[in-house]
Structure formats: C-alpha cells, structure tokens
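> First the structure, then my questions, so here it is.
The values are calculated or read from the model by the stated rules, or taken from the named source; none is laboratory data. Predicted model, so just to flag it, every value in this text is computed and none were measured. Cβ placement follows ideal geometry from the backbone for every residue including glycine, while neighbour counts extend to all protein chains displayed. Accessible surface is based on the protein model in full, side chains and every heavy atom, while ligands, DNA and RNA are left aside. Shrake-Rupley method; radii C 1.70, N 1.55, O 1.52, S 1.80 Å.
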Amino acid sequence: MASFAGEPDLPVVQAQWMKGERLEYELSWGFITAGYASLEVKPAQDGKTEFLTFATANKTINKFYPVNDTVYTRVRNKGLMTEVFRKNLHEGTFHNTSVIRFDRKGEKAWLSDTVFTDMKTRKVKRSADTAVAIQGMEHSIMSAFYYVRTMPLTVGDTSRFSAVSGKKRYELKVLVHGRESLKTSIGTVNTVKVEPVLDGDGIFNSKGRIFIWLTDDDRRIPVLMECEIALGSIKAELQRVK
C-alpha cells in the first residue's frame, strides 16, 4: 500500500494566482455566444485554498434550456491536494449533485452522486455512494487543472499524474503541443498550448479533445479553452482578469 506520510513534504504552491484570482469567460459555439463562465481562486485558512467555477447559458438559451453549473473544490496548498470536490449541475431538466471527499490516510475517495427529478421537491431519481481506492497523491479534476498551471510545460513533453473523476481513478496525461501568439481581451499574448487527456472516459476525454492556451509566463492564465464536440467546438475566451 502507498504511504500517505510523504504528503507533508510536498512543496507549497506559491503561484501568483494563489493569492486570489477571478477569470471571466464568454462561451461560444461557432459564431453564437452560448453563455458565460468564471474561475475563481480564494485563499482560505489553515494553508488551504478554494477553487470556484460557475457557468450559465445566455438569456435566450436560459429561457428554454436553463443552465446553472457550479463546481467547488478545497485543496491543501501543499501540492494542491484536494480535500473536497463538489459539483452541482442544473441543465434543462437534469439536476445532479456530486461530492468527492478524499481520505488520503485511508486511501479512499468517497463519492456521493445524486440525480433529482425535481429540485423544488428534492425528489431523487437515483443516488449512489461509491468508494474509489487511491494511493494518496491523486488530484480532482479542478486541482489537476490548476496544478497544470504550475508546471514547466516544455514543448514536446508529456506529463503524467493521477486523478479521480466520477467513480474511477485515472491516469492523467498533459501533452504540450507548442507555443502560439494569440490576440485576446488582455492584448496579444504568447501562449503555451496544452491538451489534458484522461486515460479512459473521464471529463477530459468524454466526447472529444480539449485544448487549453495558457499565457507563457509565471501567471499561466488560461486565455482560451476549446472543446471538440460532435457539432463543431465550444470555446471559452477570456474576457476579464480580476
């Protein structure tokens, strides 16, 4: 069995954005503005940090297909190891609440997943509790996203680490494709293009490929994210940095 005793030796992440950050995005499908999203970093007490993600459709789409998705993650600053990952999805008539709690000493990730038929009455359609065996150093999807922002990202390299998504433990690969100059809302910036891939059917490899363009500096700001889908691609373009 893997030992958990090594975790205190993980380095404290000292990235600039760990002091607090809010990134706001416009979501588009082709030439259509589909919605908006935000990524927020909030310092917490006791050497911990919170990551909050929010996404919604635009006013027109929300009238016939309301979207209100939130993701909350609390990590330890040492190695960005997740303690709690909570996801609430409200998309049309689909309502899902999912929570993963990492018990690293017990080498388990405890998942509670519930789908509701009606959020007003909280009527449950189905619910499941699952334990996933871990080895002590796994990330959640959100902590993995932020962890990538701390990496050197040398073109041509492939980095590997482990993550828990849904009911499974996956090996996550990060491919560094190259460097590009992009025109963005914060000006023309040099970027590094990366592709996260989960070996299996995880969030990073569900229906198509995902590419992320990070600023080629210490901030590693994700200025553009693109997800391939059956009918084209969905883009998240940075609008504001706060």
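So that you can scan it fast, the table gives a plain yes or no per residue for (1) exposed (fewer than 15 other Cβ atoms within 10 Å of the Cβ); (2) at pLDDT 95 or above:
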site: S185; (1), (2): yes, no
site: T191; (1), (2): no, yes
site: L198; (1), (2): no, no
site: F204; (1), (2): no, no
site: G208; (1), (2): yes, no
site: L224; (1), (2): no, yes
site: I229; (1), (2): yes, no
site: Q239; (1), (2): no, yes
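> Does any residue in the stretch 168-187 that is touching a residue at least 40 places away in the same chain (Cβ under 8 Å) come within less than 9 Å, Cβ to Cβ, of a residue that is of a type in the set (G, A, S) six or more places away or on a different chain, and which pairs are these?
Within 9 Å, the pairs are R169/A109; R169/A133; R169/S162; R169/A163.
> Where in the stretch 160-242 are there strands (runs of 3 or more DSSP E), lying fully within it, with 1 or more residues that are hydrophobic (A, V, I, L, M, F, W, C) and touching a Cys at 6+ places or on another chain (Cβ under 7 Å)? So that I can check it myself, show each step before the final result.
On the way: elements: 168-184, 187-198, 210-215, 222-229, 232-241.
Output list reads 210-215, 232-241.
> How many residues does the stretch 48-72 contain that are open to solvent by less than 40 Å² (accessible area, probe 1.4 Å) and part of a strand (DSSP E or B)?
Count: 9.
> Of all residues in the stretch 130-158, count the ones that are among the small types (G, A, S), under 14 Å from V174 (Cα atoms), touching a residue at least 24 places away in the same chain (Cβ under 8 Å) and not in a helix (DSSP H, G or I).
Adding up the residues that qualify gives 0.
> Another question, if that's okay. Checking H90 against (1) of a type outside the set (A, V, I, L, M); (2) modelled with pLDDT of 95 or more; (3) surrounded by 16 or more Cβ atoms within 10 Å (Cβ to Cβ); (4) closer than 26 Å to K242 by Cβ, which test does it fail?
Checking H90 against (1) of a type outside the set (A, V, I, L, M); (2) modelled with pLDDT of 95 or more; (3) surrounded by 16 or more Cβ atoms within 10 Å (Cβ to Cβ); (4) closer than 26 Å to K242 by Cβ, the one that fails is (2).
> Please go through the stretch 132-157 and pick out each residue that is open to solvent by less than 10 Å² (accessible area, probe 1.4 Å) and small (G, A, S).
G136, S140, S143, A144
> Can you pull out the residues in the stretch 1-47 that are at pLDDT 90 or above, assigned to a helix (DSSP H, G or I) and either among the aromatic types (F, W, Y) or loosely packed, with under 12 Cβ neighbours inside 10 Å (or both)? Spell out the reasoning first.
Going through the stretch 1-47, the residues at pLDDT 90 or above turn out to be 11-28, 33-47.
Among the residues that remain, those that are also assigned to a helix (DSSP H, G or I) are: 16-19.
Within the stretch 1-47, W17, K19 qualify.
> Taking the stretch 73-85 only, how many residues are surrounded by 18 or more Cβ atoms within 10 Å (Cβ to Cβ) and either part of a strand (DSSP E or B) or out of contact with any helix residue (DSSP H, G or I) (no Cβ under 8 Å at 6 or more places or on another chain) (or both)?
Here is the first cut: in the stretch 73-85, the residues surrounded by 18 or more Cβ atoms within 10 Å (Cβ to Cβ) are 73-77, 79-82, 85.
Next, only the ones that are either part of a strand (DSSP E or B) or out of contact with any helix residue (DSSP H, G or I) (no Cβ under 8 Å at 6 or more places or on another chain) (or both) stay: 73-76, 81-82, 85.
Selection size over the stretch 73-85: 7.
> Take the conditions open to solvent by 60 Å² or more (accessible area, probe 1.4 Å) and out of contact with any Gly (no Cβ under 6 Å at 6 or more places or on another chain) and apply them to R220. Does it pass?
Considered against the rule, which asks whether it is open to solvent by 60 Å² or more (accessible area, probe 1.4 Å) and out of contact with any Gly (no Cβ under 6 Å at 6 or more places or on another chain), R220 comes out as no.
> Under 9 Å between Cβ atoms, at least 6 apart or on separate chains: pull out the pairs that start in the stretch 36-50 with a residue that is at positive phi and end on any residue that is open to solvent by 40 Å² or more (accessible area, probe 1.4 Å) and of a type outside the set (F, W, Y).
Pairs that qualify, where the first residue is at positive phi and the partner is open to solvent by 40 Å² or more (accessible area, probe 1.4 Å) and of a type outside the set (F, W, Y), are D46/R76; G47/V12; G47/R76; G47/K78.
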